[in-house]
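These notes are about the structure you will find just below.
The values are calculated or read from the model by the stated rules, or taken from the named source; none is laboratory data. Note that the structure is a prediction, hence the values are computed from the model and not measured. Ideal geometry is used to build each Cβ from the backbone, glycine not excepted, and the neighbour counts take in all protein chains shown.
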Amino acid sequence: METRLLPTDPKDALHESVREAVRILEGGDVVALPTETVYGLAGDVTSPDAINRIFEAKERPAFDPLIVHLPKRDQLGEVADVEPALEKPLRRLMEAFWPGPLTFILPKQPSVSDAITAGLPTVAVRMSSHPVIKRVLHELGRPLAAPSANRFGRISPTSAAAAQEELQGRIPLILDGGACSAGLESTIIRLEAAEPKPIIHILRQGPVTADQLKKFGKIAKKKKPRRETDAEAAATDTSPQPPMEAPGQTASHYAPRTPFRLLTSPADFSPEAGKRYALLSYRGEAKDGYLDLADFEEISILSPGSGKVPEAAVRLFFLMRQLDQLGVDEIIAEPVPEHGIGAAIMERLRRAAAEPRQSA
């Protein structure tokens, strides 16, 4: 299969590309589209063939649910059944963050396929602010299921070129909407009715931070991870595992093919003779203690000099993908400050480092 890459700029190109994307979606196939977070692999929620194609193209296991993207807020009722006690707090959150990078876990309508929800009684729903996917959704008039446009467990794509690298020959079309502005997948939350404010369970950290959410409810304490992050322990653990509540909750995720290690401090690392290393640095400052740990083949800096966590979030997956292409023996990563969106960055880095991987 040939994977075509179509432009969305200027306006004439956008019109033609959207029309072609809608034609493919109406035919039960899939299309990669930009969102403000990462590129998504989209299929019509009403088409079983399209949902199967998403799982097939991504090599995604059936136990990992998909996120549903809505054309309009008032179409929420088509896919989700909101309990009366949560209608008001949900509306306040939607008004504050939609369209945008916030996903809600809500009871699903019976019409939503179990394949989309991985058999769960809930569905993950959001509304993107990116003009390209918004235009496609408007023209299609129906919600789209759209997980990230990469093979399962791999680094999420934040450009059309990265999506093409992941899915070349697997899907018919990618719309090029430029680089994603947020750079990390959406925040995922579940609301629990309570007085005077609801309890907000953050199931996946993302661009909408806990500090932003706390004015809308009480932030629940984080649960213990569903699986051990130690690969050997996870491999030998035969106890039943609870089902996922939301997409992207596997212990190892967002991972390069190159072995990847996150350091807690510089003292945790001693280079092995003969091994070639690359460094993913937070701000590239020698005083942080990481730059001189080895004779690094390459040093990529998330926020050069300034140490701005939002900039680091935007550059994270792009730089991880670049380092993965070097052919080194191991990628070493510095930690970033774990406040604001830094918590989301550290969540991705921990999952990328959770399981040893073989070089490609």
Exercise for review: Could you tell me whether any residue of region 322-331 is part of a helix (DSSP H, G or I) and touching a residue at least 40 places away in the same chain (Cβ under 8 Å)?
Suggested key: yes
Review point. Looking at residue 306, is it farther than 26 Å from residue 161 by Cα, at pLDDT below 95 and either touching a Lys or Arg at 6+ places or on another chain (Cβ under 8 Å) or outside the structural domain of residue 161 (by TED's automatic domain parsing) (or both)?
Key: yes
Review point. Among the residues of region 31-50, is any part of a loop (DSSP other than H, G, I, E, B), touching a helix residue (DSSP H, G or I) at 6+ places or on another chain (Cβ under 7 Å) and of a type in the set (S, T, N, Q)?
Key: yes
Review point. Limited to region 266-287, what total is found for residues that are aliphatic (A, V, I, L, M) and either loosely packed, with under 11 Cβ neighbours inside 10 Å or touching a His at 6+ places or on another chain (Cβ under 8 Å) (or both)?
Key: 3
Practice item. With the condition kept exactly as written, say whether any residue in region 155-166 is touching a residue at least 12 places away in the same chain (Cβ under 8 Å) and under 18 Å from residue 25 (Cβ atoms). Key: yes
Check your understanding: Within region 51-84, can you find the residues that are assigned to a helix (DSSP H, G or I) and not charged (D, E, K, R)?
Key -> 51, 52, 54, 55, 57, 75, 76, 77, 84
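From 7, 99, 84, which residue is closer than 23 Å to residue 158 by Cβ and without any contact (Cβ under 8 Å) to a residue 60 or more places away in the chain?
Going through 7, 99, 84 in turn, the sole match is 99.
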Revision key, fill the gap. Residues in region 7-21 that are within 12 Å of residue 132 (Cα to Cα) and surrounded by 15 or more Cβ atoms within 10 Å (Cβ to Cβ) total 6
Review point. Pick from region 149-159 the residues that are buried (at least 24 other Cβ atoms within 10 Å of the Cβ) and touching a strand residue (DSSP E or B) at 6+ places or on another chain (Cβ under 6 Å): which of them is farthest from residue 351 (Cα to Cα)?
Key: 149
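This table checks each residue for (1) part of a loop (DSSP other than H, G, I, E, B); (2) of a type in the set (Ser, Thr, Tyr); (3) more than 19 Å from residue 346 (Cβ to Cβ).
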site	(1), (2), (3)
258	yes, yes, yes
291	yes, no, yes
310	no, no, no
316	no, no, no
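Residue-by-condition table, conditions (1) modelled with pLDDT of 95 or more; (2) loosely packed, with under 15 Cβ neighbours inside 10 Å:
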{"site": "208", "(1), (2)": "yes, no"}
{"site": "222", "(1), (2)": "no, yes"}
{"site": "227", "(1), (2)": "no, no"}
{"site": "251", "(1), (2)": "no, no"}
{"site": "289", "(1), (2)": "yes, yes"}
{"site": "292", "(1), (2)": "yes, yes"}
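Looking at the structure I just gave you, is residue 199 farther than 15 Å from residue 148 by Cβ, buried (at least 20 other Cβ atoms within 10 Å of the Cβ) and either at pLDDT below 95 or not assigned by TED's automatic domain parsing to the domain that holds residue 98 (or both)? Before the answer, list the steps.
Details: farther than 15 Å from residue 148 by Cβ: yes; buried (at least 20 other Cβ atoms within 10 Å of the Cβ): no; either at pLDDT below 95 or not assigned by TED's automatic domain parsing to the domain that holds residue 98 (or both): yes.
Answer is no for this residue.
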Point to revise | Those residues of region 351-360 which are closer than 14 Å to residue 253 by Cβ, out of contact with any helix residue (DSSP H, G or I) (no Cβ under 9 Å at 6 or more places or on another chain) and either modelled with pLDDT of 95 or more or not in a helix (DSSP H, G or I) (or both), in sequence order | key: 353, 357
Exercise for review: Residues that are farther than 30 Å from residue 84 by Cα: find the strands (runs of 3 or more DSSP E) completely inside region 94-203 holding 3 or more of those.
Suggested key: 173-176
Check your understanding: Given (1) within 23 Å of the chain's Cα centre (by Cα); (2) at pLDDT 85 or above; (3) within 24 Å of residue 281 (Cα to Cα); (4) not aromatic (Phe, Trp, Tyr), where does residue 267 come up short, assuming only one miss?
Key -> (1)
